[in-house]
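Trainee: Got a structure here, written out as C-alpha cells. Questions coming.
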Amino acid sequence: MTAVSRLCLLSSSLLLAIGFVRADDPVYDGKTADAWSEILKLDPSARKRALAATALGELRNKHGVKDAHKDLGRSLRVDKSTAVRAQCAIAIAGLRALDLKEIDFEIIEAIKEEKDSRVRKELSILFGRFPEFAKRAVPGLSAILKDSDAEARTAAADALAKLGSDAKDAATDLLTLIDDPNKSARQAGIFALGRIAPENASFVAAALLKRFDEEKERDIRREIIVSLKLIGDKSESTVAALAKALADPEDDVKAAVAACLGTFGAAARPAVEPLLKLARESKDKGLRIDALRAFGSALGPALKERLKDVIGIMESDVDFEVRLVAVEELGSLGMELKDDKETMAALRKRLSDPQVKVREAAAVAIRRIEKKPDPKPPEKKP
C-alpha cells in the first residue's frame, strides 16, 4: 500500500470515528437527513426547501429518521414560502399517527394561522386522513369553508364529515356550502351535514329541502336525501316535503326518498299514498320494493286497514322479490290476521307461487299468524 493510500484510509477512518460521516446513514437523493434538515431550515431557495420537505418525509417514513417530522412541523408553521408549507403538509399527511402526536401543536396552530388557499387545502386533506387530531382543528376547518378556492372548501368539508358529531359546531358554516356554485364543494357540504349530527336538525333539514327544490344535479339531490335520512328530522314539514320528492323524475332519487321515509316509522304516515302509488306503478323493481317497505313501516299496526292494497301487489306484481316483500309485510302483523279469512286465503295461494322463496315466506307468515312453531331440523347423528 502506498503512502497516499494509507493517508486516505486513515482520513476516512478518522471521519467515521468522529461522526462526520456514518456509513449506515439512510440517504435520499444522495443526501442524509441531517443535510436535508439544514436545507429545509436555511437554504434560500424555496424549490430546494420544498424538495427537502419531501426528502424528510420519505426518510421518516421508510427509515424512521429521528426528528425529521419535527423539522417538517416547524417549517409548516414558519416557512415564508407557500410552496414549502404546502409540501410540508403533504409530507406530514404521509406520516404515521404516532408522528403526528408529537407535532400536533404545530399542525393545529398552522391551520389556525394559514391564509394561503393551497396550503389550507393540503392541511384539510391532512386532517381528513387523521381525524383523531382534527377535533381542535374544527374552527380552522370551518374558516376554510369560506376560502376563495373551491378545492380548499371541498377538502375542509370532507375533513369535517369524518369527524362526525365532534364537528357539529361547524353546521352553520357548512350550510353556506349547500348553495356553493362549485358542484364538488356543494356536494361535500351536503355530505358533511348528514354526518356531523347538527343540533338544529329541523333548521338544517329545511335548508337542505330548499336546496333540493332548486338542485339540477341528480346525484346531489340524492345526496341531500341521504343526509336528511341521517339527520333524522321527522317534523311534519320535512315529511310533507319528502312526500312531494317522491315525484322526482329520477328513480334513484325516489328510491332514496322511500328509504328515508322507511326509517321514520309512523311519522311518515302522511306519505303513504304516494308510497303506495310507487309500489304499484313504478317500472323499477327496487323502487317498488323500497316504497312497499316504507308503506308498511309508516302504517305499522294500521297496515291492517290497508290489507287489500298489499294483497293486490302480492298477487299481481311480476317480480317475485316484490311479492316476497308483500308476504313479509303481511306476516309482520302476526296474530292480528288470525281471523282474517281473505288475507289467510291469499297467503295460502302463495304456497303455490312459482318462486320457492315466496312459497317459503308464505309458509313462515302463516305459521307466525297461527302461532305454529317452526319445524325443528332433524337431529344430526353422532
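The values are calculated or read from the model by the stated rules, or taken from the named source; none is laboratory data. None of these values were measured; they are calculated from a predicted model. Glycine gets a Cβ as well: all are built from the backbone with ideal geometry, and neighbour counts include every protein chain shown.
Trainee: Sort out which residues of region 130-145 are closer than 25 Å to Leu95 by Cβ, surrounded by 17 or more Cβ atoms within 10 Å (Cβ to Cβ) and not small (Gly, Ala, Ser), and write them in order of number.
Mentor: Selection gives Phe130, Pro131, Phe133, Val138, Leu141, Ile144.
Trainee: Determine whether region 203-218 contains at least one residue that is more than 20 Å from Leu174 (Cα to Cα), without any contact (Cβ under 8 Å) to a residue 40 or more places away in the chain and in contact with a Ser or Thr (Cβ under 6 Å, 6 or more places away or on another chain).
Mentor: no
Trainee: Just one of Glu329, Glu321, Glu315 is surrounded by 18 or more Cβ atoms within 10 Å (Cβ to Cβ), under 28 Å from Leu246 (Cα atoms) and at pLDDT 95 or above; which is it?
Mentor: So the residue among Glu329, Glu321, Glu315 that is surrounded by 18 or more Cβ atoms within 10 Å (Cβ to Cβ), under 28 Å from Leu246 (Cα atoms) and at pLDDT 95 or above is Glu329.
Trainee: I'm checking my understanding of the structure. Among residues of region 95-121 that are farther than 20 Å from Leu174 by Cβ and of a type in the set (Gly, Ala, Ser), which one is nearest to the chain's Cα centre (by Cα)?
Mentor: Step by step, filter region 95-121, then rank; the result is Ala97.
Trainee: Next question. Within the group Ser148, Ser124, which residue is under 21 Å from Ala170 (Cα atoms), of a type in the set (Ser, Thr, Tyr) and surrounded by 22 or more Cβ atoms within 10 Å (Cβ to Cβ)?
Mentor: Of the residues listed, the single one that is under 21 Å from Ala170 (Cα atoms), of a type in the set (Ser, Thr, Tyr) and surrounded by 22 or more Cβ atoms within 10 Å (Cβ to Cβ) is Ser124.
Trainee: Could you say which residue among Asp233, Asp252, Asp213, Asp290 is surrounded by 19 or more Cβ atoms within 10 Å (Cβ to Cβ), assigned to a helix (DSSP H, G or I) and either touching a strand residue (DSSP E or B) at 6+ places or on another chain (Cβ under 9 Å) or acidic (Asp, Glu) (or both)?
Mentor: Result of the check over Asp233, Asp252, Asp213, Asp290: Asp290.
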